[in-house]
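Take a look at the structure set out below.
The values are calculated or read from the model by the stated rules, or taken from the named source; none is laboratory data. Fair warning: this is a prediction, and the values are worked out from it, not measured in the lab. Note that we place each Cβ from the backbone using ideal geometry, even for glycine, and neighbour counts take in every protein chain shown. Accessible surface areas use protein heavy atoms only, side chains included; no ligands, DNA or RNA. Shrake-Rupley method; radii C 1.70, N 1.55, O 1.52, S 1.80 Å.
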Amino acid sequence: MYSKGEYEFLGYLVQRSDNILLIFVPDDIPDVESTQEDDAGVYIRADMSRIQFDNETDLERLEPGIMVFGVGQISIPKDALPEVFLKIFHVLGRKREGLAIPSFLIEIILEDVNVSSHLRNLPAGMHASEEQIRKALKKGIILPDGYTYVSDHGRKYEKAKNKDQ
């Protein structure tokens, strides 16, 4: 990943999943709302998990096509969308109709997945850390040799949507 520092953008929400947003940032936004917009621009993946909203109506207004403004730390993975960890985020009143996910993104689905606690089989020669052994014991689990305890946690990832769905 290449870190690119602070990034400020004005764009349109394409898709939302919990704290993850897919946003289209056009090269140019016309001054007049009725002006036809072209599709030159970039798609970014924005993470809202670090933001505390003062205005809850911003969350209620988050729907596809709505204009958004954000500032945050941007990084550019080699083979993925540019990613922004947002510090500032505002939902604006303007809306763009008919904004769709382009085919070159293979209809990216942004998902937050909850992973339940479980035992994980470790590679040969590896063993659980003392911390994981303690966590398992607190849950009443005695770890067998070659296993570790994985606590509940969330995971965010992009996955390609099956064309048949």
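Legend: residues His153, His127, sorted from most to least accessible area (1.4 Å probe; ligands, DNA and RNA excluded), read His127, His153.
Available extension along the chain between Ile133 and Asn121 is 2.9 nm, counting 0.36 nm per residue and deducting the alpha carbon span. Extension gain for the segment Leu59 to Ile29, taken as residue separation times 0.36 nm less the Cα-Cα distance, is 8.5 nm to one decimal. Each other residue within a Cβ distance under 15 Å of Asp28 adds +1 if Lys or Arg and -1 if Asp or Glu, for a net charge of -4. With N as its number of residues, region 1-106 has a Cα radius of gyration that, divided by 2.2 N^0.38 Å, comes to 1.03.
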